[in-house]
Structure formats: structure tokens, C-alpha cells
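Undergrad: Would you mind keeping the following structure in view while I ask a few things?
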Protein chains: 2
Amino acid sequence: MSTVPRARPAPLPPVTGAWRDGDPAGRRRWHTAGTPLPLEVGGELPGVRLAFETWGRLAPDRSNAVLVLHALTGDSHVAGPAGPGHPTPGWWDALVGPGRAVDTDRWFVVAPNALGGCQGSTGPASPRPGTDRAWGGAFPFLTQRDQVAAEAGLADALGIERWALVVGGSMGGMRAVEWAVSYPERVGALLLLATAASASAEQIAWAEIQLGAIRADPHWRGGDYHSAGRGPVDGLGLARRLAHVTYRAEAELQTRFGRSPQGGEDPWHGGRYQVGSYLDHHAEKLVRRFDAGSYVVLTEAMNAHDVGRGRGGIRSALAGVRAPTLVAGVDSDRLYPLSQQRELAALIPSADGARVVESPYGHDGFLIETEQVGRLAAELLR
Amino acid sequence: MSTVPRARPAPLPPVTGAWRDGDPAGRRRWHTAGTPLPLEVGGELPGVRLAFETWGRLAPDRSNAVLVLHALTGDSHVAGPAGPGHPTPGWWDALVGPGRAVDTDRWFVVAPNALGGCQGSTGPASPRPGTDRAWGGAFPFLTQRDQVAAEAGLADALGIERWALVVGGSMGGMRAVEWAVSYPERVGALLLLATAASASAEQIAWAEIQLGAIRADPHWRGGDYHSAGRGPVDGLGLARRLAHVTYRAEAELQTRFGRSPQGGEDPWHGGRYQVGSYLDHHAEKLVRRFDAGSYVVLTEAMNAHDVGRGRGGIRSALAGVRAPTLVAGVDSDRLYPLSQQRELAALIPSADGARVVESPYGHDGFLIETEQVGRLAAELLR
């Protein structure tokens with residue numbers, strides 16, 4: 001079910017920031033679906049491939065599998081060092097590993113790259129079947145349910161009928177709650193972090209501005225830039241700057257940067273403040289590792305997120321969740337405010353009240369506060 | 001001291017969104033400084049002209065003058081209907097007028113367009129003296145202190161030695177507090193609304209992203225677009241969308257728009273959500289009435305705002321304010337959070353604690369909650 005393309009020592013391609021066949025595979029493996037994926041918007045997506053990584057060993061009775069679902073710009077590299085194919089260390093390395101809260105000596109951890117993403121799974125930068133070009137702007141509109149359906153195909157292929165735990169934060173939490181509603185019999189426990197039952201007006205607003213910045217970049221070309229010499233890196237960089245501010249908290253930015261100019265620069269003569277340089281840094285990092293087309297597809301899917309759609313509303317949809325569930329938010333998160341996690345906790349019968357992760361880091365707290373998050377995961381895995 | 005250019009029935013120019021000589025003047029009058037304005041950054045600005053409007057009559061003893069200072073995209077049109085030269089009604093019409101909280105039967109109200117602005121005062125869209133072109137990208141870097149110095153020149157020309165009250169919100173509040181520190185003997189009372197002693201890291205961050213969006217627009221041309229066929233309206237529109245979200249509050253957006261699609265549009269097929277259409281509307285309105293060059297100059301001046309600069313710090317600077325002062329913030333304001341107004345109130349010896357305007361509208365509450373703001377103004381004018 002998996003093939004590992006031959007590795008070559010190339011940097012990530014600067015045009016798209018997407019992993020491409022032939023790049024170092026690292027720990028990635030692949031699953032390619034045997035049949036096209038029917039899409040919620042209509043039609044179907046052929047040749048669906050998911051990149052994924054695993055840690056630990058699947059028990060003979062297949063009872064120890066944990067599904068970890070990444071956020072918007074995350075990927076399958078949950079744990080482990082940087083190296084060929086993995087430009088950064090695992091994004092939850094402190095949480096997942098031998099002896100960690102999700103102990104890979106005991107649990108078999110699976111982390112797929114989301115469908116529509118750009119780190120090995122099928123997305124806009126992938127070759128469009130039957131052509132010699134990338135999908136680009138022709139890539140179909142996806143929903144979280146489509147992504148979860150693709151992940152269910154991966155679970156089938158791995159022989160996992162039921163996850164001991166499904167965990168995700170932010171966009172990963174959207175998929176996690178869709179897992180619990182779409183496949184209640186396949187989810188043994190559920191950990192939802194800094195996420196929502198549906199995207200709010202403000203989340204949509206921030207997202208639409210980011211999409212507008214990408215699409216206003218002349219190098220966007222309607223999404224068909226993958227064969228061009230340059231992608232919409234300015235637009236994607238602007239989107240990332242905006243997103244990054246929403247991911248953090250006002251007090252933290254003030255404490256770290258205040259009004260200080262960047263070393264040696266003068267904001268009165270074209271130079272930057274430290275906080276501007278900080279945002280530049282995060283923008284530059286993202287455009288080198290992420291494809292703008294995937295950013296658009298995944299962001300539109302997040303805007304479409306509504307676990308109650310076609311299910312008689314959110315209350316009715318969540319009433320069917322039976323798995324032991326913990327819902328947690330970050331006290332300083334202004335992008336996914338606690339009110340959203342409280343709604344989830346109130347409407348999921350098997351959840352108690354929303355837990356609060358204490359953190360100065362805003363939304364990013366769910367990635368950073370691994371000790372508190374680890375305790376929640378351990379509580380469900382006990 | 002004032003000349004009124006001949007009116008002609010032309011719409012606001014689409015290239016820059018700036019008022020230009022020859023457009024309908026409306027209630028505007030002008031004051032042109034007789035000498036160049038020395039600038040804090042160094043050098044001087046020649047030919048400084050401020051557009052302003054007045055309401056009421058200056059008392060023979062000149063004791064009844066009130067200075068109203070507008071926010072980033074405001075102008076001199078504080079009160080009065082829309083009409084030629086004034087595409088929208090006054091932005092504080094409910095607050096200023098006969099029988100209103102700032103009663104123009106008793107008070108002589110003066111409202112200048114800020115230096116660097118685009119509604120009649122000298123700014124990047126103004127002709128550069130000695131040339132036949134707009135200043136454009138050559139317009140100098142301004143600070144709030146430069147703007148206040150220009151306004152002091154207007155006060156001199158009007159024969160106003162001391163304002164009975166100086167009032168401003170947001171950027172207008174920055175200028176108001178600079179008035180009280182730079183010219184303590186000229187400020188009889190001070191009303192600071194939804195403003196700060198200095199721009200915070202987060203305010204700078206939001207501003208830098210907006211500046212980046214404008215400068216990334218190929219029509220920006222380094223600021224020298226005023227003779228081109230088109231200005232950076234896409235970039236300015238993106239900046240406005242971002243700013244507008246920061247001006248409002250999450251709960252209000254959720255209540256008004258939720259996840260609803262814009263009528264007849266389908267977000268799964270390229271259509272918009274209502275909240276996206278709402279942001280588009282505000283962007284389109286702004287680019288028709290505002291010059292991107294002014295937006296950049298005024299935003300950079302706001303980033304530079306630090307009432308303590310060169311004065312031994314904020315505490316030391318504010319210690320010199322002797323005028324009876326009220327400081328108020330809006331409970332739902334996340335752009336100028338109450339902590340900033342509490343800092344001002346704590347450090348201005350003549351202020352009591354910060355007052356709280358209750359509003360669901362976020363930062364914009366200082367413009368919208370005219371009844372509560374009116375009570376504060378009336379308290380100082382009693």
C-alpha cells in the first residue's frame with residue numbers, strides 16, 4: 001500500500017513550497033486509494049494519495065491505534081527530528097514518543113497529511129491524473145468530511161477498525177469531531193483542542209482576507225502557477241503574517257517586542273520594528289515550506305466547517321457522539337475563543353465541561369503547552 | 001487665511017480617493033502656514049495647508065473653542081449632512097450640533113483634517129511645491145507631534161490661545177494627548193477615547209501587515225501612482241478589510257452574519273459569505289474616498305506614536321498634564337484594549353480612573369456610542 005519515491009538531495013522547491021515526488025521522503029509512507037473519492041461538493045477526486053507517518057507498533061488485536069490530526073500548516077511529522085524530507089522537528093515531539101504522554105512504546109500513532117495539503121498528500125500541487133501538469137486552480141473544493149473520508153480509507157488499509165483515540169487541534173480538531181460524528185463506532189475516545197463545531201463569522205472574515213491577499217498576488221494566476229517560475233509568495237506571506245497575529249496573544253507580543261526597532265533598523269527611515277521582523281520571519285519560513293494552493297483549499301475547507309450541516313444542526317450532530325471526550329481551549333486564544341470549546345463540550349453528551357489550557361501564547365498554546373495537553377491525552381488513554 | 005477653490009460637480013477621483021483642489025469644497029475652509037513646518041524626523045515641510053470646518057461662533061473672549069480630532073480615515077466633516085464635497089454625513093453628527101452634547105449654540109467647534117491626510121490638508125496626494133506632480137512617495141515621514149504642531153498653527157491663525165476642550169479618539173486621541181503634553185497651557189480640558197500613550201506591539205503588527213498589503217500592490221509604484229491611471233486599490237482594500245475586523249468585535253460579527261452566505265452566492269462555488277461581502281463593502285467604500293499614500297503616512301505616524309519619546313518616558317511626559325482629563329475605552333475594543341486607557345488614566349495626574357463605554361461594537365464603539373461619549377464631553381464642558 002505504500003511506495004517510497006527515490007530520494008534525491010534537493011531543497012524544497014521554491015516555486016510552490018510543496019513536497020514533490022523525488023524529494024527526500026524521510027519517514028513518510030503513502031497510501032493511494034483504489035477508487036475515486038466522492039466529494040461533498042459533487043463529483044469525485046481520482047488518485048487520492050495520503051502521506052502518513054507512524055510510530056510504535058500496531059497490537060495484534062489492533063486496539064492501540066491513535067490518530068493525530070494536524071492543523072492548517074502542519075503535516076505528518078508529529079514527532080522526530082528534522083532531517084531529509086522533514087525540514088523541521090516534529091510539531092508535537094514533546095507529546096508523542098517513547099515514555100511521552102502518548103507513549104509510542106504502548107500506542108501505535110498514525111498521522112496523515114490532510115487531503116488537499118502539500119506534504120505528500122494529494123493537493124493542488126500534485127500532478128493531475130491524465131495530464132503532465134499540477135492540479136492548480138482546477139483542484140476541487142474540499143470539506144473536512146472529504147478529508148476524513150480519505151483518512152478512513154487509510155485506516156481501512158492499515159487494518160484499523162477503531163481508533164483508541166482521535167486527537168486534533170484547530171483544523172485538526174475540526175477533522176477529529178467530524179471523525180466522531182461520521183464514524184462514531186470507529187472512535188474510542190476523542191480529544192478536541194482549540195477548535196469549533198463550526199467556523200465563526202470572525203474566523204471566516206480572517207480567512208477571507210488571507211485568501212484575498214493570495215489571490216491578489218499577480219503570481220497566483222488563478223492557482224495555475226505551479227509550472228511558472230514563481231508562486232504567489234508575497235500574497236501567501238501576507239496571509240501568514242495576518243494568521244500569525246491571530247495565533248498569538250496581545251500581551252505576549254507586547255512583552256517580547258514592545259515598540260523596539262529591529263536591530264540596526266530605523267522605522268522612521270524604512271526600517272522595521274522587531275514585531276514586523278518577527279512576522280517577516282514567519283512569512284519567509286512558511287512560503288518556503290508550504291504551497292499557496294493548499295493554503296487556499298484547506299482554508300476554504302475550514303470556512304465550510306459546520307459539523308451540523310445536513311445533520312439537523314450542530315446540537316443534533318453532536319448528540320450522536322458516544323466516545324469519552326475531552327474538549328479543551330486556551331485561555332488566551334482569540335481566534336478559537338473558549339466559547340467555541342464550551343459549545344462543543346455542552347453539546348457532546350460524553351464530554352464534561354471544557355477544560356482550559358493556561359498559556360500566554362494564544363491559539364498556538366495548543367501546540368506549545370505540551371505538558372497540559374499531554375495530561376489530557378493521558379487521561380483519555382488511561 | 002482661507003480660500004475656497006471653485007467648486008465643480010465632479011465625483012471623488014477614482015485614482016487616489018483624495019479630495020483635490022477644484023472638487024466641491026463643501027464646508028471646508030483652509031489655512032496655509034506662512035513658514036515651512038520643521039519635522040521631527042528632520043528637515044521641513046513647505047506649504048503646509050490644513051483643511052478644517054467650524055461650527056458655532058467664537059466668543060469675544062475666545063474661551064469657548066473645542067478642538068475635535070479625527071481618527072485614521074476620518075476628516076474635518078464632524079457634523080452636518082452629506083452633500084457636495086462631503087460624500088458622507090458628519091462622523092460625530094449625533095454628538096456635535098445645536099442642543100447636542102457639544103452644543104454649537106454655545107461652543108465654537110474646530111475640526112482640522114490631519115496633516116498627511118487626503119481630505120483637503122497637505123498629504124502625499126497634494127501637489128509638491130515647485131513641481132507639477134503630487135508628493136507621492138517623496139512625502140516626508142510624519143509624527144503625531146508634527147501634525148499637532150501644524151494644528152497649533154491653525155489655532156494661532158484662528159486666534160485661539162487655549163482650547164476649552166480637546167477631544168479625540170483612536171488616532172485622534174494620540175494627537176489629543178500630544179496636544180496636552182506639547183502645549184499644556186493651551187488645553188483647558190482633555191477627552192481621550194479608545195487611544196493609547198504609545199502604539200503597542202500588536203497595533204504595530206496589524207499596521208505593518210496593512211502597509212505590506214498596500215506596498216505589495218503593483219499599482220503602488222513606491223507611492224508614485226498619483227499620475228498613473230490606477231492607484232493601489234486592491235492593496236488598500238485588503239488593508240481596510242483587516243483594519244475593519246480589528247475595529248469590530250467577534251460577538252457582533254457572529255450575531256450579524258454567522259455563517260450565512262451572501263444572498264444568491266455559494267461559497268462552495270466561488271461565492272461569498274455575508275461577512276466577506278460586508279468586508280468587501282467597507283473596502284470598496286474606503287478606496288473611493290481615501291488616498292493610499294495618506295493611509296501609509298498616517299499609519300506610520302501611528303506606529304511612531306509614543307508620548308514619552310524624548311521626554312524621559314511615558315510616565316514623565318504625562319506627569320505634566322494639568323488639564324481636567326477624562327480617559328475612556330470601549331469594553332469590547334480589542335485593538336485599543338482597556339489596559340491602554342487605564343495606563344493613560346493612571347499616569348495623567350488630573351485624570352481619575354479610566355471610564356468604560358459599554359458597546360458591542362469594539363473599537364468603533366467610540367464613534368457609535370455617541371450618547372455615552374456625549375455624557376463624557378458634557379461632563380468636561382460643564
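Rule-based calculations on the coordinates, nothing more; no lab input. For clarity, every value in this text was computed on a predicted model and none was experimentally measured. Glycine gets a Cβ as well: all are built from the backbone with ideal geometry, and neighbour counts include every protein chain shown.
Undergrad: Just counting partner chain Cβ atoms within 10 Å, what average do the residues of peptide B:299-307 show around their Cβ?
TA: Other-chain Cβ atoms within 10 Å of each residue's Cβ, averaged: 2.
Undergrad: With r defined as the distance between the Cβ atoms of B:His281 and B:Arg382 and R0 fixed at 51 Å, what FRET efficiency is calculated, to the nearest 0.05?
TA: Efficiency, from the Cβ-Cβ distance: 0.80.
Undergrad: May I ask you to sort B:Ser76, B:Ser63 by Cβ crowding, counting other Cβ atoms within 10 Å and putting the fewest first?
TA: With the sparsest Cβ surroundings first, the list reads B:Ser63, B:Ser76.
Undergrad: Could you identify which residue out of A:Arg240, A:Arg309, A:Arg62 has the top mean-square fluctuation in a GNM of chain A using Cα springs shorter than 10 Å?
TA: Most flexible of the set in this elastic network: A:Arg309.
Undergrad: Related question: In which sequence would A:Leu165, B:Leu193 go, from the one with the fewest C-beta neighbours within 10 Å to the one with the most? Let's see the in-between values first.
TA: Details: A:Leu165 24, B:Leu193 29.
By the 10 Å Cβ count, ascending, the order reads A:Leu165, B:Leu193.
Undergrad: Could you tell me which of rounded, prolate or oblate describes segment A:74-225, using a ≥ b ≥ c as the square roots of the eigenvalues of the alpha-carbon gyration tensor, with rounded for a/c under 1.5 and, failing that, prolate when a/b is larger than b/c and oblate otherwise?
TA: Note, shape of segment A:74-225 comes out prolate.
Undergrad: When the chain is fully extended, how far beyond the present Cα-Cα distance does B:Val356 get from B:Arg311, taking 0.36 nm per residue of separation?
TA: Full-extension gain reported as 13.3 nm.
Undergrad: Counting other C-beta atoms within 10 Å, which of A:Thr131, A:Thr73, B:Thr370, A:Thr299 has the fewest, and how do the rest follow?
TA: In order of increasing Cβ crowding within 10 Å: A:Thr131, B:Thr370, A:Thr73, A:Thr299.
Undergrad: Where both partners of a DSSP beta bridge lie in the protein assembly as shown, what percent of those bridges are antiparallel, to the nearest 5? Display every interim value, and only then the final one.
TA: Values: 28 of 74 bridges.
Roughly 40 percent of the beta bridges in the protein assembly as shown run antiparallel, per DSSP.
Undergrad: Antiparallel as a % of all DSSP beta bridges within segment A:51-114, to the nearest 5?
TA: Values: 5 of 10 bridges.
If I count the DSSP bridges inside segment A:51-114, around 50 percent turn out antiparallel.
Undergrad: Measuring label to label, 7 Å along Cα→Cβ, what does B:Leu58 give against each other copy in nm, shortest first?
TA: 8.6
Undergrad: Please report, for B:Arg230, the nm distances (one decimal) from its label point, 7 Å out from Cα along the beta-carbon direction, to the equivalent points in the remaining copies, shortest first.
TA: 1.8
Undergrad: Then there is this: How big is segment B:184-240 on each of its three principal axes, counting only the C-alpha atoms and giving the largest first in Å?
TA: Reported extents, whole Å, longest axis first: 47, 27, 16.
Undergrad: Rounded, prolate or oblate: which fits chain B, taking a ≥ b ≥ c as square roots of the Cα gyration tensor eigenvalues, rounded meaning a/c under 1.5, else prolate when a/b beats b/c? Show your work: numbers first, answer last.
TA: Values: a/c = 1.43, a/b = 1.14, b/c = 1.26.
Rounded, because the longest to shortest axis ratio a/c is under 1.5.
Undergrad: To the nearest whole percent, what portion of all C-alpha pairs in the protein assembly as shown is separated by more than 43 angstrom?
TA: 33 percent
Undergrad: So, in nm, how far is label A:Asp61 from label A:Asp266 when the simple model puts each one 7 Å beyond its Cα toward the Cβ?
TA: For A:Asp61 paired with A:Asp266, the spin-label model returns 7.3 nm.
Undergrad: Give me the number: length gained by fully extending A:Ala82 to A:Ala251, i.e. 0.36 nm times residue separation minus the C-alpha to C-alpha distance, one decimal in nm. Mind showing how you got there, number by number?
TA: Details: separation 169, 0.36 × 169 = 60.84 nm, distance 3.09 nm.
Net length gain for the segment: 57.8 nm.
Undergrad: Let me ask something else. Sort shortest first the distances from B:Arg29 to its counterpart in every other copy, using label points 7 Å along the Cα-to-beta-carbon line, and give them in nm.
TA: 8.2
Undergrad: Let me ask you something else. Taking all pairs of distinct Cα atoms, average 1/r, flip it, and tell me the Kirkwood hydrodynamic radius of segment B:216-355 in Å to one decimal place.
TA: For segment B:216-355, the Kirkwood estimate is 18.4 Å.
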